[in-house]
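The values are calculated or read from the model by the stated rules, or taken from the named source; none is laboratory data. Being a predicted model, the structure only gives us computed values, none of them experimental. Cβ placement follows ideal geometry from the backbone for every residue including glycine, while neighbour counts extend to all protein chains displayed.
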Amino acid sequence: MIPYGRQDITENDIDAVAAVLRSDFLTQGPAVPRFEKTVAAHVGVKHAVAVNSATSALHIACLAMDLGPGDWLWTSPVTFVASANCGLYCGAQVDFVDIDPQSYNLSPMALEAKLEKAEKEGRLPKVVVAVHLCGQSCDMAAIHRLSKRFGFRIIEDASHAIGGKYEGSFIGDCRYSDVTVFSFHPVKIVTTAEGGTALTNDDALARKMELLRSHGITRDAAEMTHAPHGPWYYQQTMLGFNYRMTDIQAALGASQLMRLDQYVARRHEIAARYNVALAGLSLTLPWQHTESYSAYHLYIVRLQCAHRQREVFEELRAKEILVNLHYVPVHTQPYYQKMGFQLGDFPEAEKYYSEAISLPMYPTLTDSQQDSVIAALRMALNQ
Ligand SMILES: *Cc1c(COP(=O)(O)O)cnc(C)c1O
């Protein structure tokens, strides 16, 4: 069986986790702040707020920006549902911007056109979630320019993209955004089993996200409405959640991070091998922007013979090559259709969905495993 993605766990990872299990703190100990500092230093951002999932990170990022009823959040339809659901959690309304047919990321041109229309109608978005599909950054410079012109805030959903670069610096430095989110789910680039982080250069947003992660409770006298009753005293100043990452998870994450650059380099080797072996087949291979160094979470091909998508998919699955499809466009989900979205609303996203297949891509995929994927795909395409 060859999955489309999987984690790599080493003896060092296991030792790091075991050390926490033998220590005084399983959660709220020193491993979480240590992990946060390591992530922040690696990507070059001021603050990292570690949480129990990227979904939680998206939620507290939206809340920290005061997204609420009456507001709009826009994102790409070609993403995991969490990139949109975070808006609904806050009581805001969600809308989508169609994808760029080359990068499959949110199209800045479609965004600009939609913003111009929304401005006239008085329904501009408060937040735009830019999703770096496969680990390749969106055109952040363009999206950032539009944010200045139309006054929205930007969250980068970089769940696929830790270790990737844009314009030569690491994704996550928040140069063009208010907050960037990473996921540490096992299929992603590095893992904490479940886990995520919200990154920002904004001190106020960081502090608000820290509070929201842990019930909205503060132990800092400066943040209280009156002097503490005593050393035991704490105050709840907003409605937060228990979205904390455990020390066990943070230790695993810190150990994994030491191999991040190596992992991404290996993903590039695998992509380069696919690029050579699949050139000339009736497939569209991943296009890469010159300013982009993808983290290559996914390697997605598009079938030129779209009517054979299901057949090719099933043929590979029958050979225990567990290809996947990222993603069912969010606006076509029944829950979103009930809100009024319809088939045909985002034609580029729908066309992409009718042609795409994610091939196996993870650092421990061997050359011979990859060769069997390539051979099976050639056979399925009769080429
Ligand atoms: C995986 C993923 C998420 C959610 O991550 P979790 O850590 O599982 O909550 C959100 N957005 C995208 C684009 C993802 O791929």
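Summary table
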| item | result |
| --- | --- |
| Any hit, the stretch 54-67, residues being in contact with a Ser or Thr (Cβ under 9 Å, 6 or more places away or on another chain) and surrounded by fewer than 22 Cβ atoms within 10 Å (Cβ to Cβ) | no |
| Scope the stretch 113-138; condition on the phi < 0 side of the Ramachandran plot and surrounded by fewer than 23 Cβ atoms within 10 Å (Cβ to Cβ); matching residues | A113, K114, L115, E116, K117, A118, E119, K120, E121, R123, L124, K126 |
| Matching option when the condition is in contact with a Phe, Trp or Tyr (Cβ under 7 Å, 6 or more places away or on another chain) and surrounded by 13 or more Cβ atoms within 10 Å (Cβ to Cβ), among Y274, Y243, Y293, Y263 | Y274 |
| Residue pairs meeting the criteria (Cβ under 6 Å; at least 6 apart or on separate chains; first within 12 Å of the ligand (Cβ to nearest atom) and among the hydrophobic types (A, V, I, L, M, F, W, C), in the stretch 125-137; second at pLDDT 95 or above and part of a helix (DSSP H, G or I)) | V129/S83; A130/I143; V131/S83 |
| Qualifying residue in the stretch 3-20 (condition: within 14 Å of the ligand (Cβ to nearest atom), free of Cβ contacts under 8 Å to residues at least 60 places away in the same chain and under 24 Å from G164 (Cβ atoms)) | no |
| Residue among H185, H160 that is within 16 Å of the ligand (Cβ to nearest atom), modelled with pLDDT of 95 or more and under 25 Å from E348 (Cβ atoms) | H160 |
| Residue satisfying condition, being closer than 29 Å to T191 by Cβ and outside any helix (DSSP H, G or I), within set G253, G240, G230 | G240 |
| Residue check, M140 without any contact (Cβ under 8 Å) to a residue 24 or more places away in the chain and aliphatic (A, V, I, L, M) | no |
| Matching residues in the stretch 329-358 - criterion: being over 21 Å from Q93 (Cβ atoms), within 15 Å of the ligand (Cβ to nearest atom) and not hydroxyl-bearing (S, T, Y) | A356 |
| Among (1) surrounded by fewer than 20 Cβ atoms within 10 Å (Cβ to Cβ); (2) part of a loop (DSSP other than H, G, I, E, B), the one test that A110 misses | (2) |
| Filtered residues of the stretch 269-301 (kept if aliphatic (A, V, I, L, M) and over 21 Å from G172 (Cβ atoms)) | I270, A272, V276, A277, L278, A279, L281, L283, L285, I300, V301 |
| Test set (1) touching a Gly at 6+ places or on another chain (Cβ under 9 Å); (2) more than 16 Å from the ligand (Cβ to nearest atom); (3) touching a residue at least 40 places away in the same chain (Cβ under 8 Å) - A92 fails condition number | (3) |
| Matching residues in the stretch 303-328 - criterion: being within 16 Å of the ligand (Cβ to nearest atom) and either among the small types (G, A, S) or assigned to a loop (DSSP other than H, G, I, E, B) (or both) | L325, H326, Y327, V328 |
| Helices (runs of 4 or more DSSP H) wholly inside the stretch 1-73 that include at least 2 residues being within 19 Å of the chain's Cα centre (by Cα) | 31-43, 54-64 |
| Test result for F170, away from the ligand (no atom under 16 Å from the Cβ), of a type outside the set (S, T, N, Q) and touching a helix residue (DSSP H, G or I) at 6+ places or on another chain (Cβ under 7 Å) | yes |
| All positions within the stretch 83-122 that are touching a strand residue (DSSP E or B) at 6+ places or on another chain (Cβ under 6 Å) and charged (D, E, K, R) | D95 |
| Flag for S368 being assigned to a helix (DSSP H, G or I), without any contact (Cβ under 8 Å) to a residue 24 or more places away in the chain, surrounded by fewer than 20 Cβ atoms within 10 Å (Cβ to Cβ) and hydroxyl-bearing (S, T, Y) | yes |
| Some residue of the stretch 294-302 being more than 30 Å from Q256 (Cα to Cα) and either in a loop (DSSP other than H, G, I, E, B) or in contact (Cβ under 8 Å) with a residue 24 or more places away in the chain (or both) | yes |
